[in-house]
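K.L.:
I am attaching a structure below and will ask some questions about it afterwards.
We did not get these values from a lab; they are worked out from the coordinates using the rules stated. Please read these numbers as outputs of a predicted model, since none were measured by experiment. Counting neighbours? That spans all protein chains shown, and the Cβs are built from the backbone with ideal geometry, glycine included.
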Amino acid sequence: MAFVAPKETFSGKVFEVTIGTDKAISFGGENVLPFHSFEGTVPHRPVIAYEIQDVPPEDWPETVRSVYEGVSSDPVSWARFCEDKLNAKAIALRLIGTHPDRENKGPEEAKKVVSDVLSAIKVPLIILGSNHVEKDSEVLVAVAEAAKDRNCIIGKAQEGNYKTITAAAMAHNHKLIAMSELDINLSKQLNILITQMGFPKERLITDPMCSALGYGIEYTYSVMERIRLAALTQNDAVMQPPLLGDVGTYVWKVKETQASETELPSWGSLKERSITWEAVTAAAMLVAGAELLIMRHPEAVVAVERFIDELMQ
Amino acid sequence: MALTGVEIFKLLPKTNCKKCGHPTCLAFAMKLAQRQASLDQCPDVSEEAKRILGEASAPPIRPVSFGSGDRTLKMGEEMVLFRHEKKFVNPAAFAVEIKDTESDDRINSVVEDVLSSEIERVGQKLRIDAILINNVSGEASRFEAVVKNVSEKAPNVPLIIATGNPEAAEATLKIVASRRPLLYGANKDNAEQMANIAKTYKVPLGVKADGLEALSSLTEKIKSLGVEDLVIDSGAMKAKDIIEHNTLIRRAALKKNFKPLGYPVINFCQREDKILEALIASLGVMKYSSIVVLSSVEKWKNLSLFTLRQNIYTDPQVPMQVEQKVYKIGEPRPESPLLITTNFSLTYFIVSGEIENSKVPSRLAVMDCEGLSVLTAWAAGKFTAAKIAQFIKESGIENEISHRELIIPGYVAILSGAIEEKLPGWKVTVGPKEANGIPAFLRQRMS
Amino acid sequence: MLIIGEKLSIIAKRVREAMLKRDKAPIQEIAKEQWMAGAGMIDANIGPAEDGGEALMEWMVTTIQEVVPLPVCLDTTNYKAIEAGLKVHNNQWGRPLINSTSNDPERFPMLELAARYNCQIIGLTVGKGGLPADAEERAAIAAEIMARAMEYGVPLEDLYLDPLVLQIATSQDHAQKVIEAIKMFKEMNDPPMKTVVGLSNISNGCPKQLRPVINKYYFLMLLDAGLDAAIADPKEMAEAMEERPLFEKVLFGDNIGDPKKEMVMKKTIDIILGKTLYAHSYLEM
């Protein structure tokens, strides 16, 4: 019996998305399952953005907080550090300080942080709210304007606030993240609702909601795989935007990235363990279909970039 | 082509004798169709039925195992490409490589690490499953000594004897054949000799070729020599090749019923950079490896890999469950709120996450409802007033808290009166229907 | 085709309140409506009914049978409540149906009741923990339930196999697996096994205006597969039967001269067969 490679080609393809202006970067565009360059085209590497925030990262565990000591008290120096020292290809600014339970900063303050960060960096910026449905509506509308002409990604639009956020992204020519909670059908529904407002589906990024290794990652993994299969095998256009894995924020709150080795000797060194936890979570998201990742620890990012190197070439 | 249960049933004796351990021939036929039973369980089956069923019931990926006793490692039998379609069957085994060129001290310390690698996670015992002893020296005598040493120090750990040298293979198998190791190292140059050794010592054989075409011809040749329990290696080392080869192998076996590649796959994932090694090994776990070979045994690396394997090999139909108990979120005081929900893991993750978001320290009582979500569990009679009351009483929570108020999910508001009846002295408060309402709900109570 | 009227369920607020207050009027009104719309049996779903289930089921059965000459489908996990219902059931209008046994040992005693009271019983093809992954698993569980029914002395013609309809909004792939399972169940005995579904669960979680659309067309596809009974809304099922000739045409790719209706049918068929991914707005795409 002679072997004939059972290659598969598809009618559908993932949209190619370009973000930023000075140092613009593109992702997506493939017409095959993740890293299947042996049977189709994979024009771009997945992109990893470094996560920073508008307030000092006091809630981040020591292992990752210490990396940014000295720069993280100010979002501008933090962003510069990522771009200059860590060679970040993109930066994700999370406006967590706007959350009503945190510093409750107003839209004007958020606008200023965004403008300051934008004038300090050349790489593309992803602007994230605090994930508070009502507050994000106000904050993201304000910052979308502040960031106009810079071709950013803003998000996340959810079922409860997509109208205002979509309108703002549309008005100021940004890309938009649409997030639903681990439900492929609701994810499709949200993308439909957003495109029914006139927002081009080619400018969307789907976030099916990330989960950390050991904390439901298999759900995210399967939802991503199914979204990719729908995009490719069914040529389902609303499922063809690239996928986001918002890895860092989910990983750096689980016990495995915080418990000391003294507390749990069978888990081994905290530093390597937590970095690997973030890297493995990210790798799983990539293999499932994510084209854009948001991560925190530089050593995890470096390992994942090397992993991508090996997968691409 | 696989036969349906009813087609198989027609070939069975239809005596309902129960000798197979199933209540009827029909029930047995259905299990055969799902490959959850084997035809030799039926003592009365005709020769003709055996012939027809034997061909039809051979799984597309051959079941192969190595090791012995309760540490036996089962591989193969996979039926799908994507885990959402149906459960991945046999979790990838993690094997650590020991080179026979390494010092005895280093070898002994790796064996020690393997022996102490076991951890428990979500009710499963997880560990480095096997040791691969690699005949890097090329010498038979050194290899034999190392195998002997390792096999004595790790008497229960399944072994992979990796050598392309038939003499070395034979010498070591004389010592350890009874443990049913995997003999890895057949290639186009030594195929006959290695096949004969595998046959003589009744061990499965690992076969390596360069690329899938060469691998297919080689497995066919070895099969014709009478060895069928094979583990295959296409020579893929780089991540790009691993994903390509493993995907094509799995597709060829499942979609084309291509027998020459219908075997479990072994991948070598060793890297200098140990974090990168964890990622390459993760790729193996996700993309169809049956054996993932590592270079080292670090506890922190093990924890990620064991967890990923457990997550990926979870049955998507059986909701992952968390342990029944009262979980503390934040640092609750005796007067902190007490909420209850079911033990469906996703429910637990989302509810506990929202309680965390609320920043209100609380207790969350998680009740065993076989992993069903709140409404489904209620409808199935598993999340009922009497069962909730019994759980609360038996949990001992009454000794830990200073109040007697239980917050129940909004979806089962209907239960509030009945729970109060069965838990004298308790007040039941109806919480929000959806978890995202929890932060506002808890904070409002505080103000 | 036997339609078992689904409307008397504790999930519905109006029914729940009537049950609590023992208010006969709404129960009887709903029972009559379903009978007039073509129901051949009335489902009485009282939930797990841990407390007072016996009295409640007794009251439900007598209340229903006071006004409609139909048998009742006794729907609860409470064994004693089922027995109480069986004792007062008026068999002059037909034999009652127990809803349900399954492959979960907790539910085996229901078979003993079915044998003792010579009534019919639904066998839900689920086991303990976890849902069946596909049609084959459902068939394997069905075979187990059939064997157990024989053991308990329940004739196979009194057993209705139920493949468990799941929500299309969250478990789309199961819509087709249930259709396949119905076909398999029919083949598993001679004469063929009887089959039943709890139909409306297919559209549970879908927008209100979509629910009848999905219910009706899914019902028609199950009918083609050989379905014998459905716990459903009899009004919807009557409408479905009226639309059946047109629907069959669309299924075979024929033009029906009503492009709008044809589109609705086609899109719904594609959703049921898993050719397009479900979303609440699928008809608008």
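K.L.:
Could you identify which residue out of B:68, B:373, B:46 has the top mean-square fluctuation in a GNM of chain B using Cα springs shorter than 10 Å?
P.N.:
B:46
K.L.:
Please compute the contact order of region B:5-57 in relative form: average sequence separation of alpha-carbon pairs under 8 Å and at least six residues apart, divided by the residue count, as a percent.
P.N.:
Across region B:5-57, relative contact order equals 35 percent.
K.L.:
For region A:1-45 and region B:72-138, write down the distance between their C-alpha centroids in whole Å.
P.N.:
Cα centres, region A:1-45 to region B:72-138: 33 Å.
K.L.:
Find the Rg to Rh ratio for the protein assembly as shown, where Rh is the Kirkwood radius over alpha-carbon pairs and Rg uses the same atoms. Walk me through the numbers on the way to the answer.
P.N.:
Values: Rg = 30.6 Å, Rh = 31.4 Å.
Using Cα coordinates only, the ratio equals 0.97.
K.L.:
Another question, then. So who's got an amide H within less than 5 Å of the one on residue B:327, skipping anything under 5 residues away but keeping other chains? H placed 1.01 Å off N, in plane.
P.N.:
Residues meeting the amide H criterion: B:364, B:365, B:366.
K.L.:
Once every DSSP H run of n ≥ 4 in the protein assembly as shown is given -39500 (n - 2.57) and the sum is divided by its residues, what mean residue ellipticity at 222 nm do you get, rounded to the nearest 500 deg cm²/dmol? Could you put the intermediate results ahead of the total?
P.N.:
Working: 36 runs with 431 residues, N = 1045.
Mean residue ellipticity, 222 nm, calculated: -13000 deg cm²/dmol.
K.L.:
Report, for region A:18-312, the % of DSSP beta bridges that are antiparallel, rounded to 5.
P.N.:
Working: 2 of 29 bridges.
Antiparallel bridges: around 5 percent, rounded to the nearest 5.
K.L.:
Same structure again: With springs only between Cα atoms under 10 Å, which of B:113, B:189, B:129 fluctuates most in a Gaussian network model of chain B?
P.N.:
Its mean-square fluctuation being the largest, the pick is B:189.
K.L.:
Out of residues 5 or more away from residue C:100 or on other chains, whose amide H comes under 5 Å of its own, with H placed 1.01 Å from N in the peptide plane?
P.N.:
Here C:76 satisfy the definition.
K.L.:
Between Rg and the Kirkwood Rh of region A:128-250, both from Cα atoms, what is the Rg to Rh ratio? Mind showing how you got there, number by number?
P.N.:
Details: Rg = 13.9 Å, Rh = 14.4 Å.
For region A:128-250, the value is 0.96.
K.L.:
How large is the convex hull of the Cα atoms of chain A per residue, expressed in Å³ as a whole number?
P.N.:
Numbers: hull volume 42.3 nm³, N = 313.
Taking only Cα atoms, chain A has a hull volume of 135 Å³ per residue.
K.L.:
Enumerate the amide H contacts of residue B:231 below 5 Å, restricted to partners 5 or more residues apart or on another chain; note that Pro and chain-start residues carry no placed amide H.
P.N.:
Answer set, sorted by chain and number: B:205, B:206, B:207.
K.L.:
Then there is this: What number, in nm² with one decimal, is the all-direction average of the projected area of the convex hull of the alpha-carbon atoms of region C:2-284? Don't skip to the answer; put the middle values down first.
P.N.:
Working: hull surface 57.8 nm².
For region C:2-284, the mean projected area of the Cα convex hull comes to 14.4 nm².
K.L.:
Normalising by the residue count of region B:325-446, find the relative contact order in percent from Cα pairs under 8 Å and 6+ residues apart. Mind showing how you got there, number by number?
P.N.:
Numbers: 209 pairs, mean separation 35.7, N = 122.
Relative contact order, region B:325-446: 29 percent.
K.L.:
Let me ask you something else. Restricting to the protein assembly as shown, what percent of DSSP beta bridges are antiparallel, rounded to 5?
P.N.:
On the way: 16 of 108 bridges.
The answer is about 15 percent antiparallel.
K.L.:
Tell me the Kirkwood hydrodynamic radius of region C:37-118 in angstroms, computed as one over the mean inverse distance between distinct C-alpha pairs. Show your work: numbers first, answer last.
P.N.:
On the way: mean 1/r = 0.0794 Å⁻¹.
Evaluated on region C:37-118, it is 12.6 Å.
K.L.:
I need the per residue convex hull volume for region A:23-177, using only the alpha carbons, in cubic angstrom as a whole number.
P.N.:
130
K.L.:
Just flag the trypsin sites (Lys or Arg not before Pro) in region C:190-285 sitting in loop per DSSP whose Cβ has no more than 15 other Cβ atoms within 10 Å. It would help to have the intermediate numbers written out before the result.
P.N.:
Numbers: sites: C:194, C:208, C:216, C:235, C:249, C:260, C:261, C:266, C:267, C:275; in loops: C:275.
Passing both the DSSP loop test and the Cβ count: C:275.
K.L.:
Quick one: what does P(r) look like for region A:211-282 with 5 Å bins over all Cα pairs, in whole %?
P.N.:
With 5 Å bins starting at 0, P(r) equals 3, 16, 22, 16, 14, 10, 8, 5, 4, 2, 0.
K.L.:
Continuing with the same structure: Can you tell me what share of the DSSP beta bridges in region B:64-312 is antiparallel? A percent to the nearest 5 is fine. Mind dumping the intermediate values first?
P.N.:
Details: 6 of 33 bridges.
Beta bridges within region B:64-312, antiparallel portion: roughly 20 percent.
K.L.:
So for B:17, C:119, B:369, fewest C-beta neighbours within 10 Å to most, what's the order?
P.N.:
So the residues, fewest neighbours to most, are B:17, C:119, B:369.
K.L.:
Moving on to the next point. Need one value for B:245-251: mean number of C-beta atoms belonging to other chains within 10 Å of its residues' C-beta atoms. Intermediate values should be presented prior to the final figure.
P.N.:
On the way: counts 2, 0, 9, 9, 3, 1, 4.
Per residue, the number of nearby Cβ atoms from other chains is 4 on average.
K.L.:
Would you mind checking the radius of gyration and Dmax of chain B based on alpha-carbon positions, in Å?
P.N.:
27.0, 80
K.L.:
Kindly write out, for region B:291-302 in residue order, the coupling ³J(HN,Hα) from the Karplus curve 6.51 cos²θ - 1.76 cosθ + 1.60 (θ = phi - 60°), rounded to whole Hz, with x marking Gly and Pro.
P.N.:
Along region B:291-302, the couplings run 10, 10, 9, 10, 9, 7, 10, 9, 4, 5, 6, 3 Hz.
K.L.:
So, with +1 on the Cβ of K and R and -1 on the Cβ of D and E, and no other charges, what is the size of the charge dipole of chain C about its Cα centre, to the nearest 20 debye? It would help to have the intermediate numbers written out before the result.
P.N.:
Values: 31 positive and 41 negative charges, 127 e Å.
Using Cβ point charges on Lys, Arg, Asp and Glu, chain C gives about 600 debye.
K.L.:
Expressed as a rounded percentage, what relative contact order does chain B have, with Cα pairs under 8 Å and six or more residues apart?
P.N.:
Details: 836 pairs, mean separation 51.3, N = 447.
Dividing the mean separation by the residue count of chain B yields 11 percent.
K.L.:
Return the equivalent ellipsoid semi-axes of region B:268-399 as a descending list in whole Å, where each equals the square root of 5 times an eigenvalue of the C-alpha gyration tensor. Could the numbers behind the result be given before it?
P.N.:
Details: eigenvalues 278, 71, 26 Å².
For region B:268-399, the semi-axes come out at 37, 19, 11 Å.
K.L.:
Hey, another quick one. Once the Cα atoms of region B:328-447 are picked out, what are the Rg and Dmax in Å?
P.N.:
13.1, 37
K.L.:
Also: Give me the inter-chain shielding for B:91-102: mean count of other chain Cβ atoms within 10 Å, whole number please.
P.N.:
Details: counts 0, 0, 0, 0, 0, 0, 0, 0, 0, 0, 0, 0.
Whole-number average of other-chain Cβ neighbours for B:91-102 is 0.
K.L.:
Another one. Provide, in order from the shortest bin, the percent of all Cα-Cα pairs of region B:128-228 in each 5 Å bin, continuing until the bin that contains the maximum pair distance.
P.N.:
2, 14, 26, 23, 18, 11, 5, 1
K.L.:
Hey, which of these cross-link pairs are over 32 Å Cα-Cα: C:21/C:80; C:7/C:177; B:18/B:393; B:14/C:7; A:13/A:163?
P.N.:
Details: C:21/C:80 21 Å; C:7/C:177 26 Å; B:18/B:393 44 Å; B:14/C:7 42 Å; A:13/A:163 27 Å.
From C:21/C:80; C:7/C:177; B:18/B:393; B:14/C:7; A:13/A:163, over 32 Å: B:18/B:393; B:14/C:7.
K.L.:
Tell me, what HN-Hα J-couplings in whole Hz come from the Karplus equation 6.51 cos²θ - 1.76 cosθ + 1.60 at θ = phi - 60° for each residue of region B:34-46, using x for Gly and Pro?
P.N.:
Each residue of region B:34-46 in turn: 8, 6, 9, 9, 10, 4, 5, 6, 9, x, 10, 6, 6 Hz.
K.L.:
Just the Cα atoms of region C:56-193, one point each, no solvent: what log10 I(q)/I(0) does Debye give at q = 0.09 Å⁻¹?
P.N.:
So the normalised log intensities work out to -0.28.
K.L.:
Here's something else I'd like to know. Cα-Cα pairs above 19 Å in region B:5-57: how many percent? Can you show the working numbers first?
P.N.:
Numbers: 120 of 1378 pairs.
So the pairs more than 19 Å apart make up 9 percent of the total in region B:5-57.
K.L.:
Also, quick follow-up: Can you list the equivalent-ellipsoid semi-axes of region B:352-412, largest first and in whole Å, using the square root of 5 times each Cα gyration tensor eigenvalue?
P.N.:
On the way: eigenvalues 84, 56, 18 Å².
Taking √(5λ) for each Cα gyration eigenvalue gives 20, 17, 10 Å.
K.L.:
Which value results when the Cα radius of gyration for region C:99-143 is divided by 2.2 N^0.38 Å? Numbers along the way, then the final one.
P.N.:
Values: Rg = 11.2 Å, N = 45, 2.2 N^0.38 = 9.3 Å.
Taking the Cα Rg and dividing by 2.2 N^0.38 Å, one obtains 1.19.
K.L.:
For a footprinting-style exposure proxy, rank B:44, B:104, C:43 by other Cβ within 10 Å, fewest first.
P.N.:
On the way: B:44 13, B:104 10, C:43 22.
The order, fewest Cβ neighbours first, is B:104, B:44, C:43.
K.L.:
Scattering from the C-alpha atoms of region B:157-299 alone, worked out with Debye: what is log10 I(q)/I(0) at q = 0.16, 0.17 1/Å?
P.N.:
Here the Debye-derived log intensity ratios amount to -0.84, -0.93.
K.L.:
Looking only at other chains, what is the average number of their beta-carbon atoms within 10 angstrom of each beta-carbon in C:143-156? Don't jump to the answer; show the numbers that get you there.
P.N.:
Values: counts 14, 7, 2, 5, 9, 3, 0, 3, 2, 0, 0, 0, 0, 0.
Shielding by partners across C:143-156 averages 3.
K.L.:
OK, next. Sort largest first and round to whole Å: the equivalent ellipsoid semi-axes of region C:72-152, each the square root of five times a Cα gyration tensor eigenvalue. The partial results should precede the final answer.
P.N.:
On the way: eigenvalues 116, 29, 24 Å².
Output for region C:72-152: semi-axes of 24, 12, 11 Å.
K.L.:
Could you go through region B:252-269 in sequence order and give the Karplus-derived ³J(HN,Hα) for each residue, using 6.51 cos²θ - 1.76 cosθ + 1.60 with θ = phi - 60°, rounded to whole Hz, and x for Gly and Pro?
P.N.:
Working through the residues one at a time gives 4, 5, 7, 8, 10, 6, 7, 5, x, 10, x, 9, x, 10, 10, 10, 9, 10 Hz.
K.L.:
Among A:111, A:85, A:135, whose mean-square fluctuation peaks in a Gaussian network model of chain A (Cα, cutoff 10 Å)?
P.N.:
Between A:111, A:85, A:135, it is A:85 that shows the largest mean-square fluctuation.
K.L.:
Relative to the compact-globule scaling 2.2 N^0.38 Å, provide the ratio for the alpha-carbon radius of gyration of region B:64-312. The partial results should precede the final answer.
P.N.:
On the way: Rg = 16.9 Å, N = 249, 2.2 N^0.38 = 17.9 Å.
Working it through for region B:64-312, the quotient is 0.94.
K.L.:
Find the percent of Cα-Cα distances in region A:174-313 that exceed 19 Å, and round it to a whole number. Don't jump to the answer; show the numbers that get you there.
P.N.:
Details: 5148 of 9730 pairs.
So the portion of pairs separated by more than 19 Å is 53 percent.
K.L.:
Tell me, what does the Kirkwood hydrodynamic radius of region B:30-122 come to in angstroms if you use every pair of distinct C-alpha atoms? Don't jump to the answer; show the numbers that get you there.
P.N.:
Numbers: mean 1/r = 0.0582 Å⁻¹.
Final number for the Kirkwood radius of region B:30-122 is 17.2 Å.
K.L.:
Which whole-angstrom value gives the distance between the alpha carbon centres of region B:339-400 and region A:181-209?
P.N.:
32
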